[in-house]
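The values are calculated or read from the model by the stated rules, or taken from the named source; none is laboratory data. Everything numeric in this text was worked out from a predicted model, so none of it was measured. With ideal geometry, Cβ positions are generated from the backbone for all residues, glycine too; neighbour counts draw on all protein chains shown.
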Amino acid sequence: MSDAPANARAQILDGIRRSLRRGAISGPARQAVEDRLALPPRGPVISRTELAPPEKVALFCHWAETNNATVARVAATDVASEVASFLVRNNLPAEVAMAPSPQLADYDWGGQKMLSVRRGRGEASDLVSITGAFAAIAETGTLVMASGPEHPVTLNLLPDTHIVVLRERDIVGGYEDVWGLLRQRYGKDRMPRTVNTITGPSRTGDIEQAMELGAHGPRRMHIVVVRE
């Protein structure tokens with residue numbers, strides 16, 4: 001294997017050090033860097049997110065709806081029927097691409113006889129996807145998706161409608177809580193390849209400052225919050 005990438009990286013870092021008039025990091029400065037990487041300090045916490053779990057759920061739902069998502073809060077036994085009803089209410093096909101995640105396996109999909117479920121990655125022809133979520137952030141109504149075999153990232157982006165099944169236990173206060181959970185779940189140097197933060201359906205206001213949904217991904221997002 002060629003050493004060219006490593007040499008190019010070293011040249012770039014050496015150029016940065018020269019511009020900052022710094023030499024190679026060593027001694028106490030290097031130890032300080034290693035200590036920070038080993039135990040990253042927690043960033044600022046927004047006081048309005050320091051809430052009891054029920055209030056965090058309510059705050060998340062408020063901001064998700066503010067950002068053009070729709071939200072339904074249901075019991076676990078009603079998740080599949082709520083998804084089927086949402087498709088009917090919005091005149092959408094009863095054919096969905098679902099993440100092959102154990103998190104979604106226990107819901108009664110088989111009880112919805114008109115619902116056709118294909119588990120796997122998203123395809124260009126898919127109109128509706130169903131995924132879980134790694135976490136959700138009450139502060140902004142944001143969903144956090146960690147990519148992997150159980151959650152192909154294409155399901156977040158390709159279908160026109162994205163349905164997310166979210167457990168109440170996975171709603172946290174702020175972004176700092178999410179980074180802590182990611183480190184706890186995956187461990188040092190083993191983070192998922194992609195972490196997507198999604199706040200409502202895709203939209204843009206670039207054209208004449210008029211808001212358009214579905215600019216870079218799903219134009220419709222429905223979040224099914226599972227009561228616990």
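Quick check, is Asp108 without any contact (Cβ under 8 Å) to a residue 24 or more places away in the chain and at negative phi?
no
If the requirement is being at positive phi and either surrounded by 21 or more Cβ atoms within 10 Å (Cβ to Cβ) or among the β-branched types (Val, Ile, Thr) (or both), which of these qualifies: Gly141, Gly173, Gly148?
Working: Gly173 fails: at positive phi; Gly148 fails: either surrounded by 21 or more Cβ atoms within 10 Å (Cβ to Cβ) or among the β-branched types (Val, Ile, Thr) (or both).
Exactly one residue qualifies, and that residue is Gly141.
Per-residue answers, yes or no, for (1) farther than 21 Å from Ile198 by Cα; (2) surrounded by 10 or more Cβ atoms within 10 Å (Cβ to Cβ); (3) touching a helix residue (DSSP H, G or I) at 6+ places or on another chain (Cβ under 7 Å):
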{"site": "Leu20", "(1), (2), (3)": "yes, no, no"}
{"site": "Ser26", "(1), (2), (3)": "yes, no, no"}
{"site": "Val45", "(1), (2), (3)": "no, yes, yes"}
{"site": "Glu65", "(1), (2), (3)": "no, yes, no"}
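Would you say Gly120 is touching a residue at least 24 places away in the same chain (Cβ under 8 Å), small (Gly, Ala, Ser) and farther than 23 Å from Gly200 by Cβ? Don't jump to the end; show me each part of the working.
Details: touching a residue at least 24 places away in the same chain (Cβ under 8 Å): yes; small (Gly, Ala, Ser): yes; farther than 23 Å from Gly200 by Cβ: yes.
Criteria met by Gly120.
Yes or no, residue by residue, for (1) assigned by TED's automatic domain parsing to the domain that holds Arg73; (2) within 15 Å of the chain's Cα centre (by Cα); (3) modelled with pLDDT under 90; (4) β-branched (Val, Ile, Thr):
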{"site": "Ile171", "(1), (2), (3), (4)": "yes, yes, no, yes"}
{"site": "Tyr175", "(1), (2), (3), (4)": "yes, yes, no, no"}
{"site": "Asp189", "(1), (2), (3), (4)": "yes, no, yes, no"}
{"site": "Asn196", "(1), (2), (3), (4)": "yes, yes, no, no"}
{"site": "Ser202", "(1), (2), (3), (4)": "yes, yes, yes, no"}
{"site": "Ile207", "(1), (2), (3), (4)": "yes, no, yes, yes"}
{"site": "Gly214", "(1), (2), (3), (4)": "yes, no, yes, no"}
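Just one of Gly141, Gly120, Gly132 is in the same structural domain as Gly180 (by TED's automatic domain parsing), of a type outside the set (A, V, I, L, M, F, W, C) and in contact with a Cys (Cβ under 9 Å, 6 or more places away or on another chain); which is it?
None of the others qualify; the one that does is Gly141.
Do we find a residue being acidic (Asp, Glu) and within 18 Å of Val71 (Cβ to Cβ) anywhere in the stretch 130-144? First the steps, then the outcome.
Here is the first cut: in the stretch 130-144, the ones acidic (Asp, Glu) are 139.
Retained after the next criterion (residues that are within 18 Å of Val71 (Cβ to Cβ)): 139.
Checked against the condition, which is being acidic (Asp, Glu) and within 18 Å of Val71 (Cβ to Cβ), the stretch 130-144 yields at least one hit.
So, in the stretch 74-109, of the ones that are loosely packed, with under 14 Cβ neighbours inside 10 Å and among the charged types (D, E, K, R), which residue ends up farthest from the chain's Cα centre (by Cα)?
Arg89
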